[in-house]
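The values are calculated or read from the model by the stated rules, or taken from the named source; none is laboratory data. Predicted model, so just to flag it, every value in this text is computed and none were measured. Positions of Cβ are backbone-derived with ideal geometry, glycine not excepted, and every protein chain shown enters the neighbour counts.
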Amino acid sequence: MTAELGHFALILALVASLAQTVVPLVGAGKGWSDWMRLATPAAGIAFVLTLLAFVALTVAFVTSDFSVALVAENSHSAKPMLYKVSGVWGNHEGSLLLWTLMLTLFGAMIAGLGGNLPESLKARTLAVQGAIGAAFLGFMLFTSNPFLRLARPPLDGADLNPLLQDPGLAFHPPFLYLGYVGLSTAYSFAVAALIEGRVDAAWARWVRPWALTAWMFLTVGIALGSYWAYYELGWGGWWFWDPVENASFMPWLASAALLHCAIVVEKRDSLKSWTILLAILGFSLSLLGTFIVRSGLLTSVHAFASDPTRGVVVLGILVVAVGGSLALYAWRAPKLAPGGVFAMVSRESLLVANNLLLTVACAVVLLGTLMPLIREAWDGGRISVGAPFFDLAFTPFMVALAVLLPIGALAPWKRARLGRVIRRLWPAAALAFAVAALVWALQTGRSALAPVGIALTVWILAGVAVEIWERAGLSRPGRWRRLSGLPRADWGKAIAHSGLALTIFGIASLTAWETEAVRALHPGETVETGGYAFRFDAVDRAQGPNYSIERGAFTVFRDGEEVAVLRPEKRFYPVQRMPTTEAAIDAGLTRDLYVVLGDRQQAGAGAWAVRIYVKPFANWIWIGALVMALGGLTSLSDRRYRVGAAARRAPAAAVPAE
């Protein structure tokens with residue numbers, strides 16, 4: 001009965017989404033207020049019904065109702081409760097339901113928090129949001145119904161993919177989907193603004209909180225996925241430039257560009273067309289990620305095994321959403337008022353440079369991701385585009401972005417003198433150069449990667465300090481009162497930029513200074529790397545809740561003193577007949593000790609394949625990502641950037657587009 005209730009709720013949610021789309025859109029076109037006001041309750045009803053369906057599916061997983069086909073294919077009675085719950089979205093149908101739940105949630109939030117939006121803009125925004133929801137609800141009901149019953153239920157289920165039975169993968173998809181789907185709000189605002197033919201500072205002020213929310217959740221979701229790959233897959237890396245990793249990274253780059261561009265629209269009433277285009281492209285890249293995951297065209301450890309029919313339907317949604325919005329953009333954008341002008345050197349121009357670097361970097365990732373498909377379609381040949389291409393093609397744009405960041409933050413609006421800005425930053429530049437020289441002198445190798453990366457870190461952090469010093473006027477009396485009085489948005493920007501610096505530091509240090517030892521070891525043997533001695537003590541066997549374990553024991557010494565005991569595991573899941581590797585990590589702020597237990601070697605009696613890494617400053621990569629997300633949250637708490645804040649002052653007059 002629970003499954004039927006969930007199925008019926010999805011059908012009613014589709015009806016509500018269609019009403020949310022058609023009635024307010026017609027009402028906005030005709031100027032009928034009653035029809036436009038229908039968007040608010042329709043959005044709330046669509047969310048409640050979708051939530052009811054999601055709860056029904058969760059109950060089926062938690063109670064191990066194997067009469068539901070999805071539960072039988074992706075769960076098992078012996079599975080821990082956390083993975084019974086996360087199994088809801090650890091498959092195509094369930095993850096699609098989670099995606100749709102997030103979509104209707106954001107629609108309900110716009111309806112509830114957008115009381116101060118102009119009536120027609122709110123109605124059209126909710127109508128676009130409803131159209132996206134209706135498309136995915138229809139996709140789910142007609143091709144990917146999560147509530148299908150089995151005529152003959154099995155005694156037990158086929159279990160969830162063992163790689164997904166991990167806390168990191170339990171929380172990674174919800175955060176990632178909040179980011180993916182959150183960009184739909186910026187898309188809906190952009191399309192609604194194009195339909196109305198008006199984009200102004202008030203529009204940018206309404207869009208920024210939604211884009212910031214999406215970017216913040218994307219940051220956390222990507223960090224969780226990266227850390228999962230680091231410790232779960234056992235290959236010792238944190239980013240592989242996998243197609244699905246790229247599918248989440250591209251919207252992050254686009255949303256970062258959108259946030260910076262929206263500042264120019266809000267402050268200077270410029271770059272309207274470019275901001276609208278970025279809002280469209282950000283969500284379009286999210287849809288592209290959905291297509292990559294579900295089409296089966298590109299192989300990935302993250303991808304869902306889906307039939308081609310589903311991929312064709314997602315492609316159809318992608319074509320309509322992207323093609324329709326870009327056609328509307330081509331029609332309306334030339335008519336948007338150009339807004340304020342600015343000099344070649346100004347904060348506006350430096351933000352444009354920021355946008356270009358982020359956008360070109362995103363295009364590089366897109367090209368590398370799709371190149372195997374393009375080559376195969378062109379002449380049937382097969383190529384593999386991996387980390388060497390992305391590292392070489394992507395990194396220069398990020399280096400240039402890091403160099404420009406403090407300069408752009410300190411440059412005045414409209415017109416700036418570059419020499420004057422550089423003079424204000426000379427202490428930061430001198431400190432960065434001195435630290436780089438010190439690192440170059442101290443490191444044993446002569447790679448420039450660590451000195452350059454650490455110099456960029458110091459440059460950004462010192463630039464943040466100079467900006468805060470000048471914004472608060474700390475050289476004058478009463479400095480601490482002014483410091484505490486800085487807007488939260490300013491603090492949020494400073495924190496987010498500092499987080500980027502910390503991530504750069506972690507990447508540069510880990511890449512330049514990591515050491516590795518791959519050996520076939522017998523118990524009792526010792527291997528040295530990175531200044532540590534790793535003694536292989538023994539291998540024992542144990543039993544987990546739904547898997548068997550071979551567990552190694554390694555004692556780690558430094559200068560003769562014991563510093564850690566590591567217990568890497570090899571797990572075997574009998575239901576899926578699949579092994580997994582569980583790396584053992586002794587984590588710290590300055591280094592990670594990382595051990596992976598491989599297979600028992602046939603040639604050497606009692607020998608085991610072992611991979612050992614010493615990874616300097618690895619955790620700073622994820623610390624930096626979390627600090628960036630904290631910066632976004634801090635900015636979001638600023639009343640000026642919350643939805644509805646504009647109601648506390650007189651409404652700004654819109655600049656008509658034509």
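The table below gives the values:
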quantity: Test: residue in the stretch 21-33 that is of a type outside the set (Lys, Arg) and within 30 Å of ARG149 (Cβ to Cβ); calculated: no
quantity: Every residue from the stretch 80-108 that is over 16 Å from LEU137 (Cβ atoms) and either at pLDDT 95 or above or among the β-branched types (Val, Ile, Thr) (or both); calculated: VAL85, VAL88
quantity: ILE612 vs. criteria within 25 Å of the chain's Cα centre (by Cα) and either assigned by TED's automatic domain parsing to the domain that holds GLY530 or basic (Lys, Arg) (or both); calculated: no
quantity: Failed item in (1) buried (at least 17 other Cβ atoms within 10 Å of the Cβ); (2) at pLDDT 90 or above, with VAL385 passing the rest; calculated: (2)
quantity: Some residue of the stretch 546-558 being over 27 Å from GLY453 (Cα atoms), among the basic types (Lys, Arg) and surrounded by fewer than 15 Cβ atoms within 10 Å (Cβ to Cβ); calculated: yes
quantity: Close pairs (9 angstrom Cβ cut-off, 6 or more residues apart or separate chains): among the β-branched types (Val, Ile, Thr) in the stretch 10-25, not in a helix (DSSP H, G or I) anywhere; calculated: VAL23/LEU38
quantity: Residue ranges of strands (runs of 3 or more DSSP E) in the stretch 567-658 with at least 3 members surrounded by 16 or more Cβ atoms within 10 Å (Cβ to Cβ), at pLDDT 90 or above and among the β-branched types (Val, Ile, Thr); calculated: 608-616
quantity: Residue match in the stretch 429-445 (condition: crowded, with 20+ Cβ neighbours inside 10 Å, modelled with pLDDT of 95 or more, not assigned by TED's automatic domain parsing to the domain that holds VAL565 and not charged (D, E, K, R)); calculated: yes
quantity: Flag for GLY324 being at pLDDT below 90, within 27 Å of the chain's Cα centre (by Cα), outside the structural domain of ASN74 (by TED's automatic domain parsing) and part of a helix (DSSP H, G or I); calculated: no
quantity: Total residues in the stretch 46-69, condition of a type outside the set (A, V, I, L, M, F, W, C), surrounded by fewer than 23 Cβ atoms within 10 Å (Cβ to Cβ) and under 28 Å from the mean Cα position of the chain (by Cα); calculated: 1
quantity: Matching residues, the stretch 390-428, being of a type in the set (Phe, Trp, Tyr), modelled with pLDDT of 90 or more and farther than 15 Å from VAL360 by Cα; calculated: TRP426
quantity: Test: VAL364 is assigned by TED's automatic domain parsing to the domain that holds ARG471 and at pLDDT 90 or above; calculated: no
quantity: Residue that is farthest from SER273 (Cα to Cα) [pool: residues in the stretch 189-217 that are part of a loop (DSSP other than H, G, I, E, B) and either in the same structural domain as LEU117 (by TED's automatic domain parsing) or of a type outside the set (D, E, K, R) (or both)]; calculated: GLY197
quantity: PRO338, sole failed condition from (1) more than 30 Å from ASN91 (Cβ to Cβ); (2) at pLDDT 80 or above; (3) touching a helix residue (DSSP H, G or I) at 6+ places or on another chain (Cβ under 9 Å); calculated: (2)
quantity: Leading residue by the ranking (nearest to ALA192 (Cα to Cα)) among those in the stretch 27-39 that are touching a helix residue (DSSP H, G or I) at 6+ places or on another chain (Cβ under 7 Å) and surrounded by 15 or more Cβ atoms within 10 Å (Cβ to Cβ); calculated: ALA28
quantity: Some residue of the stretch 240-255 being farther than 15 Å from LEU285 by Cα, acidic (Asp, Glu), modelled with pLDDT under 90 and in a helix (DSSP H, G or I); calculated: no
quantity: Residues within the stretch 487-531 that are touching a Lys or Arg at 6+ places or on another chain (Cβ under 8 Å), in contact (Cβ under 8 Å) with a residue 40 or more places away in the chain, under 23 Å from TRP235 (Cα atoms) and not charged (D, E, K, R), tallied; calculated: 6
quantity: Residues that are farther than 22 Å from PRO406 by Cα and not polar (S, T, N, Q), drawn from the stretch 251-281; calculated: PRO251, ASP269, LYS272, TRP274, ILE276, LEU277, LEU278, ALA279, ILE280, LEU281
quantity: Odd one out for VAL68 among (1) touching a strand residue (DSSP E or B) at 6+ places or on another chain (Cβ under 8 Å); (2) aliphatic (A, V, I, L, M); (3) closer than 22 Å to LEU176 by Cα; calculated: (3)
quantity: Residue match in the stretch 87-108 (condition: surrounded by fewer than 21 Cβ atoms within 10 Å (Cβ to Cβ), among the β-branched types (Val, Ile, Thr) and in contact (Cβ under 8 Å) with a residue 40 or more places away in the chain); calculated: no
